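Trainee: Let me give you the structure first, and then I'll get to my questions.
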C-alpha cells in the first residue's frame, strides 16, 4: 500500500502512541474560533478533530460552528486492490495525479468523482460519533441523503490505459 500525503500535520504525538489524540493546538483553535460571534471556521486535519468539533459545537459553543475541511488532504492508494482512500479536502485533480503514478485513474465526470465507484466511507454523525458506513448509509451518501460529514471515502480506481481507449 502506498500513502501519498498532501496533508499538513499537527503534533499530536507519534502515530502508534496509543489511542488517537487531539492536539493542544486544535483545542486552542476550536475554543478561540467558537467563542466569536459569528464563529469563524475551524480547520480540522483528522476525522477525530471533526468529531471533537461537532461534539464541542453541540455541548459548548451554543451556536453552529463552521468547519473548513480543505486541509484534510490525505490520499492512500492501494495499487493491488485498485482503490484510493481520500479525505474531503482532496480535489479530483489531486486524486488523479496520485493515482496516475500507479497507472490508475478514478472515474471523473465533469470534475466530480463518480459516486458509483464509492466503496466505503467513514462519517461523523450529527451527534459527533464516528462510524464506518454500512450499505444503507453508503446508498444515502451516493444519493445525497446522508446526514453527517464524510471524513474519508474509498473509491474504486481503474487502469489509466483502459480509460484512455
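Trainee: Has segment 133-143 got any residue that is closer than 15 Å to residue 84 by Cβ, touching a residue at least 12 places away in the same chain (Cβ under 8 Å) and touching a helix residue (DSSP H, G or I) at 6+ places or on another chain (Cβ under 8 Å)?
Mentor: No, every residue in segment 133-143 fails to be closer than 15 Å to residue 84 by Cβ, touching a residue at least 12 places away in the same chain (Cβ under 8 Å) and touching a helix residue (DSSP H, G or I) at 6+ places or on another chain (Cβ under 8 Å).
Trainee: Going through segment 143-165 one residue at a time, which ones are crowded, with 16+ Cβ neighbours inside 10 Å and within 16 Å of residue 132 (Cα to Cα)?
Mentor: 146, 148, 149, 150, 151, 152, 153, 154, 155
Trainee: Let me ask another. If I filter segment 16-26 for residues that are modelled with pLDDT of 70 or more, outside any strand (DSSP E or B) and touching a strand residue (DSSP E or B) at 6+ places or on another chain (Cβ under 6 Å), do I get at least one hit?
Mentor: no
Trainee: Looking at 161, 120, which is the one that is out of contact with any strand residue (DSSP E or B) (no Cβ under 7 Å at 6 or more places or on another chain) and either at pLDDT 85 or above or not in a strand (DSSP E or B) (or both)?
Mentor: 161
Trainee: Now a separate question. If I go through segment 103-132 residue by residue, how many of them are closer than 16 Å to residue 156 by Cα, under 16 Å from the mean Cα position of the chain (by Cα) and buried (at least 19 other Cβ atoms within 10 Å of the Cβ)?
Mentor: Residues that pass the stated criteria total 3.
Trainee: Next question, about the same structure. I'm trying to understand the selection: among the residues of segment 72-102, which are surrounded by fewer than 20 Cβ atoms within 10 Å (Cβ to Cβ), assigned to a helix (DSSP H, G or I) and touching a residue at least 60 places away in the same chain (Cβ under 8 Å)?
Mentor: Result: 94, 100.
Trainee: Sort out which residues of segment 62-71 are touching a helix residue (DSSP H, G or I) at 6+ places or on another chain (Cβ under 7 Å) and surrounded by fewer than 18 Cβ atoms within 10 Å (Cβ to Cβ), and write them in order of number.
Mentor: Scanning segment 62-71 gives a single hit, 64.
Trainee: Turning to a different aspect of this structure: Going by what's in this entry, would residue 60 be described as in a helix (DSSP H, G or I) and free of Cβ contacts under 8 Å to residues at least 24 places away in the same chain?
Mentor: Considered against the rule, which asks whether it is in a helix (DSSP H, G or I) and free of Cβ contacts under 8 Å to residues at least 24 places away in the same chain, residue 60 comes out as no.
The values are calculated or read from the model by the stated rules, or taken from the named source; none is laboratory data. Computed from a predicted structure; not experimentally measured. So basically every Cβ, Gly included, is an ideal-geometry build from the backbone, and we count neighbours across all protein chains shown.
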